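S.K.: Before I ask anything, here is the structure I am working with.
Each reported figure results from applying straightforward, stated rules to the coordinates on display, with no laboratory input. Since the structure is predicted, the reported quantities are computational estimates derived from the model, not experimental observations. Here the Cβ is made from the backbone with ideal geometry for all residues, glycine too, and neighbour counts use every protein chain on show.
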Amino acid sequence: MAASRPGYIFIRLAGISGFSAVCCGTYGAHVLRTKPDKEHEILTFETASKYHYIHSVALMAAPLTKRPMLVGSLFAGGMTIFCGAAYYYAFTSDATPVPSMPYGGALLMAGWLAMVL
């Protein structure tokens, strides 16, 4: 049964993540882009959105790897830290969480490498 396969939870999490990526993308397209004085925030948002979509799809592959819990946890943690900090900055112009973004990016990179372990 597929539901008992290790890491299956990450398929469900990918669905939630994909849904939230669409919600954030919609907000960015219809609200954030109407503010021309927020050019840097818009660029940051576009980066976060791209990474959010890509890694939501990648998260679905976690159960197919040799270490699904490791891969899925790295992707989920990386998306939360990287995209979360970037979205927060883009939506509020508060740069407080921006220094955490490289840690989220490192987790995303580690997730890709963990797929080959």
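S.K.: Can you tell me the alpha carbon radius of gyration of the chain divided by the globular rule-of-thumb value 2.2 N^0.38 Å?
M.R.: Ratio of Cα Rg to 2.2 N^0.38 Å: 1.12.
S.K.: Which order do the peptides 30-42, 64-76, 13-25 come out in when sorted by mean C-beta neighbours inside 10 angstrom, highest first? Please list the in-between numbers first.
M.R.: Numbers: 30-42: 12.0, 64-76: 19.6, 13-25: 16.5.
Result, highest mean Cβ count within 10 Å first: 64-76, 13-25, 30-42.
S.K.: If I model a spin label as a point 7 Å beyond the Cα along the Cα-Cβ vector, how far apart are those points for Ala29 and Ala106 in nm?
M.R.: It is 3.5 nm.
S.K.: How many nm separate the modelled label positions at Ile16 and Leu117, each set 7 Å beyond the Cα in the direction of the Cβ?
M.R.: About 2.3 nm, to one decimal.
S.K.: Could you tell me which helices of the chain pass both thresholds, a Cα extent of 27 Å or more along their own axis and a mean Kyte-Doolittle hydropathy of at least 0.5, with helices taken as whole DSSP H runs?
M.R.: Membrane-span-like by this criterion, though nothing is claimed about a membrane: 9-30.
S.K.: Compute the distance in nm between two label points, each set 7 Å from the Cα along the Cα-to-Cβ direction, one at Ile54 and one at His40.
M.R.: Reported label-point gap for Ile54 and His40 is 2.3 nm.
S.K.: What are the semi-axes of the equivalent ellipsoid for the range 10-65, taken as the square roots of 5 times the Cα gyration tensor eigenvalues, largest first, in whole Å?
M.R.: Numbers: eigenvalues 148, 24, 5 Å².
For the range 10-65, the ellipsoid semi-axes come out as 27, 11, 5 Å.
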